[in-house]
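Asker: Quick one: structure below, then a few questions.
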């Protein structure tokens with residue numbers, strides 16, 4: 001079940017903090033309650049650093065509300081850690097698969113970093129050019145944005161629409177999407193946004209207690225994983 005409603009209530013109830021030092025109240029975090037061990041830990045591509053992953057979808061409104069917190073985490077990670085993003089496809093009703101494809105196409109074209117936040121805003125801001133909901137009816141649009149619509153958005157960043165569509169439908173992007181779906185399943189993710197640290201630990205706003213607590217729990221797990229490295 002996708003628990004976005006629970007995440008939204010947590011997100012609007014709590015607010016901001018820094019990521020500078022290990023949390024004074026680290027003893028509050030309880031494995032199996034606040035964060036969960038992934039049954040089969042997944043290897044990360046850079047074993048010398050701690051990987052922090054946000055599992056998300058551009059089309060997820062709660063991910064949009066979590067965006068400022070995710071950005072704060074990414075900007076304040078220590079030198080021995082880095083931020084990664086894992087787009088999901090498990091909610092086709094709300095256009096998740098096409099936005100997963102768009103993320104990997106943007107990444108392949110080298111524009112993901114400078115378009116990441118803007119994509120969220122294009123979907124969720126009032127009058128957004130890629131909106132998935134019609135504010136007049138409070139229902140999903142029909143038709144929903146497709147890869148050609150999304151290509152027009154990325155054209156503002158110097159990518160020809162034909163090149164974007166070709167990349168989005170390429171073997172490389174299809175392979176990345178399959179790998180992403182396999183990782184989402186291996187991590188045991190059932191809702192967005194979800195955080196994963198070093199392929200070993202999973203948590204979200206509901207388990208942590210809110211977006212502020214997600215930042216603190218991320219601090220704790222990053223410090224723990226960094227200390228465990230040889």
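The values are calculated or read from the model by the stated rules, or taken from the named source; none is laboratory data. In this text, all values refer to a predicted model and were calculated from it rather than measured experimentally. Here the Cβ positions follow ideal geometry from the backbone for every residue, glycine too, while neighbour counts run over all protein chains shown.
Asker: Hey, among the residues in the stretch 177-191 that are touching a residue at least 60 places away in the same chain (Cβ under 8 Å) and closer than 18 Å to residue 107 by Cβ, which one's surrounded by the most Cβ atoms within 10 Å (Cβ to Cβ)?
Answerer: Selected residue: 184.
Asker: Does residue 118 qualify as being touching a helix residue (DSSP H, G or I) at 6+ places or on another chain (Cβ under 6 Å) and either more than 25 Å from residue 175 (Cβ to Cβ) or in contact (Cβ under 8 Å) with a residue 60 or more places away in the chain (or both)?
Answerer: No: the conditions fail for residue 118.
Asker: Among what's in the stretch 50-84 and is within 9 Å of the chain's Cα centre (by Cα) and in a strand (DSSP E or B), pick the residue that is nearest to residue 112 (Cα to Cα).
Answerer: 84
Asker: On to the next question. For the stretch 200-230, give me the residue count where each residue is without any contact (Cβ under 8 Å) to a residue 60 or more places away in the chain and part of a helix (DSSP H, G or I).
Answerer: Of the residues in the stretch 200-230, 3 are without any contact (Cβ under 8 Å) to a residue 60 or more places away in the chain and part of a helix (DSSP H, G or I).
Asker: Here is a follow-up. If I filter the stretch 85-113 down to residues being in contact with a strand residue (DSSP E or B) (Cβ under 7 Å, 6 or more places away or on another chain) and not in a helix (DSSP H, G or I), which single residue comes out as surrounded by the fewest Cβ atoms within 10 Å (Cβ to Cβ)?
Answerer: Checking each candidate, the answer is 85.
Asker: Among the listed residues 113, 76, 131, 168, which satisfies the condition of being free of Cβ contacts under 8 Å to residues at least 40 places away in the same chain and within 25 Å of residue 44 (Cα to Cα)?
Answerer: Unique residue meeting the criteria: 113.
Asker: Taking the conditions exactly as written (modelled with pLDDT under 50 and assigned to a helix (DSSP H, G or I)), does residue 12 satisfy them or not?
Answerer: yes
Asker: Could you tell me which of the residues 138, 162, 122 is surrounded by fewer than 16 Cβ atoms within 10 Å (Cβ to Cβ) and modelled with pLDDT of 95 or more?
Answerer: Sole residue among the options that is surrounded by fewer than 16 Cβ atoms within 10 Å (Cβ to Cβ) and modelled with pLDDT of 95 or more: 162.
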